[in-house]
Every structure is written in structure tokens, then in C-alpha cells.
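> Following this message is one structure expressed as C-alpha cells.
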Amino acid sequence: IGAAEQLKIYAQIMDAPIQVIHSPEKIRESLNMFSSYHIVLIDTAGRSQNNGSQLDELRQLLKQITPIETHLVLSATTKNSDLDAITSRFGAVGFDRLIFTKLDESNAFGCILNQVLKTSKPLSYITFGQRVPEDIDAAHGGFIGELLLGLSNLEKRYPNQRGLE
């Protein structure tokens, strides 16, 4: 419930329409409402990789939507063994790209490269703070490589970020 309210606030700030649905049966109706838009973003409620019924529900929802590009959102603070389990189980549902969040809360970034290599999925975006949209950036291979090698850090790339100055 709290996440839906946050999304409504973000939509209002960005002057974007929003529709909250509470059952997969309503997805088609909602998509028809937004048929004139070039891109429609769908944020699903968080699902545990350990809950088979939630994954089945998500799989059924995504089957109803075509064409679709699915991004799996992962935290840079999650340990590699858990990331492996998450990407493996969500792989059965299907995803096209990875997004890594919470780079500002981590000191090690090898998990990003590990998951890109293990899943063979490209990294699309990174996030490094709480502000939307300021703390979201398209993933750049050169910068991720510099982070991994210790040649750069978030402070150099994003000097105006809160808490990173």
C-alpha cells in the first residue's frame, strides 16, 4: 500500500498518469487506457524468489503483456549467493535486463559484473540515492569498469549527490 502511494506522488511530481491495479485481470484494461503512449512502465509489487506462487502470479501477469521489456531490479548490497538465487528463480519468469540499485550503500561492485556475466543480460540502469529521477542513471560500461577496478567512485561521477560530497 505504501509503495502505491509513493508511486502516485512520483507520478504527480512528474505530471505523468498512473493507474494502480490490484489484480492481474485488470492489466489489459489499464494498458488500453494508456494505448496512446509510446512507453508504459509497469512496477510490480516486490516478489520473493522463494515464493513459488508469487512467481507464478508474476509469470501469468507478464504473459498477458506483449511486447514487453522486463528489467529485474537488484540491490548492490545483496550478497552474491542471494543474487544468484534471485536471478536463477526470476530467470524462470523471464527478464531482459538488469537494474542495480543502492550503489551509494555499497563499497564493492563486483556483484554487478558477476550477475551480468552469469545471466548474459545487459545492465540498463543504476541508482545511487533516494531522489527520483536525479539518482537514476543509464549504466555506462566504462564507469562500471572503473568502479570495479577502483579507478573511479560515485563521488567523482556524481559530485553533487547528498551524502557523497
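> With the contact rule set at Cα under 8 Å and sequence spacing of 6 or more, what percent relative contact order holds for segment 69-151?
Values: 113 pairs, mean separation 23.7, N = 83.
After rounding, I find 29 percent.
> Counting Lys and Arg as +1 and Asp and Glu as -1, what is the net charge of the other residues whose Cβ lies under 12 Å from the Cβ of residue 56? It would help to have the intermediate numbers written out before the result.
Values: positive: 47, 59, 63, 89; negative: 57.
That sum, taken over residues with Cβ under 12 Å, equals +3.
> Also: Calculate the spin-label point distance for residue 152 paired with residue 37, positioning each point 7 Å from the Cα along the beta-carbon direction, and give it in nanometres.
Each label point is offset 7 Å from its Cα along the Cβ direction, giving 3.1 nm.
> Of all accessible surface on the chain at a 1.4 Å probe, what whole percent is carbon and sulfur?
On the way: 5390 of 10540 Å².
Ligands and nucleic acids excluded, carbon and sulfur give 51 percent.
> Per residue, how much accessible area does segment 1-107 have with a 1.4 Å probe, in Å²? Walk me through the numbers before you get to the answer.
On the way: 7190 Å² over 107 residues.
Heavy-atom accessible area per residue stands at 67 Å².
> While we're on this one: Taking the Cβ of residue 96 as the centre, find all other residues whose Cβ is under 13 Å away and add up their charges (Lys, Arg: +1; Asp, Glu: -1).
Working: positive: 97, 121; negative: 69.
Once all neighbours under 13 Å are counted, the net charge is +1.
> Still on this structure, please answer the following. Over all Cα pairs of segment 16-66, how is the pair count split among 10 Å bins, expressed in % and running from 0 up to the last occupied bin?
Taking all Cα pairs of segment 16-66, the binned fractions are 21, 53, 22, 3 percent.
> Could you work out the per residue convex hull volume over the alpha carbons of segment 1-44, in cubic angstrom?
On the way: hull volume 3.0 nm³, N = 44.
Expressed per residue, the convex hull around the Cα atoms of segment 1-44 is 68 Å³.
> Continuing with the same structure: How big is the gap, in Å, between the Cα center of segment 104-154 and the Cα center of segment 64-83?
So the separation of the two Cα centres works out to 14 Å.
> How large is the Rg to Rh ratio of segment 74-165 when both quantities use alpha carbon positions and Rh follows Kirkwood?
Values: Rg = 13.0 Å, Rh = 13.6 Å.
Rg/Rh: 0.96.
> Just how many pairs of Lys in the chain have C-alpha atoms closer than 21 Å, counting pairs that are eight or more places apart or on different chains?
So the count of such lysine pairs works out to 9.
> Contact order normalised by length for the chain, with contacts defined as Cα pairs under 8 Å and 6 or more residues apart; what percent is it? Please list the in-between numbers first.
Working: 160 pairs, mean separation 23.8, N = 165.
Reported as a whole number, the value is 14 percent.
The values are calculated or read from the model by the stated rules, or taken from the named source; none is laboratory data. What you see is a predicted model; the values in this text were computed from it and never measured. For neighbour counting, all protein chains shown are included, and Cβ atoms are generated from backbone atoms with ideal geometry for every residue, glycine included. Protein only, heavy atoms only, side chains kept; ligands, DNA and RNA dropped before computing areas. Shrake-Rupley method; radii C 1.70, N 1.55, O 1.52, S 1.80 Å.
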